[in-house]
1. Using a probe radius of 1.4 Å on heavy atoms only, what accessible surface per residue do you get for the chain? Whole Å² is fine.
2. Number of Lys pairs in the stretch 462-577 with C-alpha atoms less than 17 angstrom apart, excluding same-chain neighbours closer than eight positions?
3. Which lysines have a Cα less than 22 Å from the Cα of LYS194, not counting those fewer than 8 places away in the same chain?
4. For ASP92 and ASP208, calculate 0.36 nm times their separation in residues minus their Cα-Cα distance, and state this gained length in nm to one decimal.
5. Testing the spin-label approximation: label points 7 Å from Cα along Cα→Cβ at ASP397 and LYS134. State their distance in nm.
6. Just want to confirm a number: the relative contact order over the chain, from Cα pairs under 8 angstrom separated by 6+ residues, in percent.
7. So if we plug the beta-carbon distance of SER541 and ASP442 into 1/(1 + (r/R0)^6) with R0 = 22 Å, what FRET efficiency do we get, rounded to 0.05?
8. Report which label in [x] 14, 36, 32, 14, 3, 0; [y] 21, 55, 23, 1; [z] 16, 42, 29, 10, 3, 0 holds the value of P(r) over Cα pairs in 20 Å bins from 0, in percent derived from the coordinates of this structure.
Amino acid sequence: MAVKKKIEEIVALIGDEANAPRPRLHKLIIQNFRSIGSEKVEIELDDIVVLVGPNNVGKSSILRAYETVMSHGSKDGKLTINDFPNGKVDPDNLPSIELHTIVFSDAPGERWLDPTSDGEWLIREKWVWDSPNKDPKRQGFDVKKNDWDDQVPWGAPNVANSRRPLPHRIDAFATPDKQASEITKLITSLLREKLADIKSDPEQEKSDYELILDKIKDLQTKVVQATEDEIEIIENEISEYLGKLFPKHKIKFDAKPEADLEGSYQPFKTNADLLMGPEDGYFSSIEHQGSGARRTLLWATLKYLSESQDKKGSRPHVLLLDEPEICLHPSAIREARSVLYDLPFSGNWQVMITSHSPIFIDLSKDNTTIIRVFRDSDSEVKSTTLYRPERARLDDDDKKNMKLMNICDPYLHEFFFGGRQVIVEGDTEYTAFSMIKEMYPDEYGDVQIIRARGKGIIPSVAKVLKQFSKSFFILHDTDEELTAKGNKNPAWGMNNTIAKLLDEDGKANLVACKTCFEIALFGQEVKDEKPYSALTRIRSSDDARNRVKSLLDYLIGVEGAVLPDNCIHWTKIEQLA
């Protein structure tokens, strides 16, 4: 009884508290679906999830998975033979999608509610398809018996779907008609939410819209009851003729009221028109606009939705977006990223995108998860969570550093897309190593040189890499312990901060140049045009080029590589003196 009381208290949170937790997707587990094989792919969901990885590894299939289970009960919830692994039905490897949802309102019975460590309630559901063009078998996880059950939370598919976040899927290469439809659906969904506020009498319990649906349901029931005898006569008469050709066959006419009442009454035009054109000029439909215009209109619509203040108690949404960078002018990409990251702040949106652009990653936010999808040596699709904010534990200074780096270098986050990583302190090292990569492309094609743009920012970048990189190197200058005036040098003091990156996991390896890169590699430091000077030396001097190449080889772990003189792989501050 105490448990039931607690559930009722949790359920009452939504809509009563401005900052109350909201219903949301928690995890998606996919198996034997399209390109995803028998090894489960688990996607940890956040406000913003960015799926990165090579082409044709299943990123779009992950987006499609949630849309598929939310279409249960319609033709889009059925799979074709092409959705089965290798285009074949294997009874031992059937397509399966498991969904974990956090709920607070409209909760089903206690047997489905699994309390989490954060005081939330988790519901687990699973869909399995045993053949093409058929509805899947849906199951719920019964926490009391600790097993799957054929009975399910919320019952009928349309009722269950209404309790989960509503998906909005936008494909990378959707047709103009499809793109226009998605935009109008977004706008119409916002207008539909307003229907619940319309009440002829402020004291009435239900909205006018809900009362209309109740009337429609009542009328449907009365119509069926009034025609039951006529339906039976029709069934018997037709079955009699049918039985002469097909022995023991009958027909049954199912005229039960439509379960989806909202489909019985459309408050707005079924196919709303969205027009666009120059002011005082000709306005044409969106599907006749250029692809760039359609994508820009999408951002404008999403931006409005994210900034709309009247969101309290409305149904959550999930935006499933393929490659948002497509068709966007470079100047619009940052604004597009900003719009996507602002959507969850309305309190009702989660966003999952696939992207090949590091510009769409912003680690200065607290709500972003980065997941890499890839194929292993056996061509099995796998996923790994590269970054979650609560695990990285970036402090305010780290976030500020990452934000500044985003501004200075829009391609900073390329390291999430794979390869071997080396963090360098500044422009000179970055330029020198980039030149070596250009000269020897076959040797360094997967090497990521991460330019921290300052010694003090190195620890912030390293905190991110420690989450997913097996091992990486940091190259920095030792600097002088004292300034020319004999005072303590702050740059030397940063060596102590960098030393804190050394721990038992052995991921971060520290290499220092005494006292700076130019002196260690070229014998002298220049005061002006340091990157250009490094390029000139590498081009004109075999010795300089070989020393820089030797250093880079050591940093990426080439077997037999030797550190140049005046460079040290260190573990204690005393070694830098």
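The values are calculated or read from the model by the stated rules, or taken from the named source; none is laboratory data. A quick note: this is a predicted structure, and the numbers were derived from the prediction, not measured. As a convention, Cβ positions derive from the backbone with ideal geometry for all residues, glycine included, and neighbour counts pool all protein chains shown. Just so you know, the surface numbers come from the protein's heavy atoms only, side chains and all, with ligands and any DNA or RNA stripped out. Shrake-Rupley method; radii C 1.70, N 1.55, O 1.52, S 1.80 Å.
1. 52 Å²
2. 10
3. Partners within reach: LYS185, LYS206, LYS215, LYS217, LYS269, LYS303, LYS311, LYS312.
4. Separation in residues times 0.36 nm, less the Cα-Cα distance, equals 36.7 nm.
5. 6.2 nm
6. Reported relative contact order: 13 percent.
7. Taking R0 as 22 Å, the efficiency between SER541 and ASP442 is 0.45.
8. Given [x] 14, 36, 32, 14, 3, 0; [y] 21, 55, 23, 1; [z] 16, 42, 29, 10, 3, 0, the calculated one carries the label [z].
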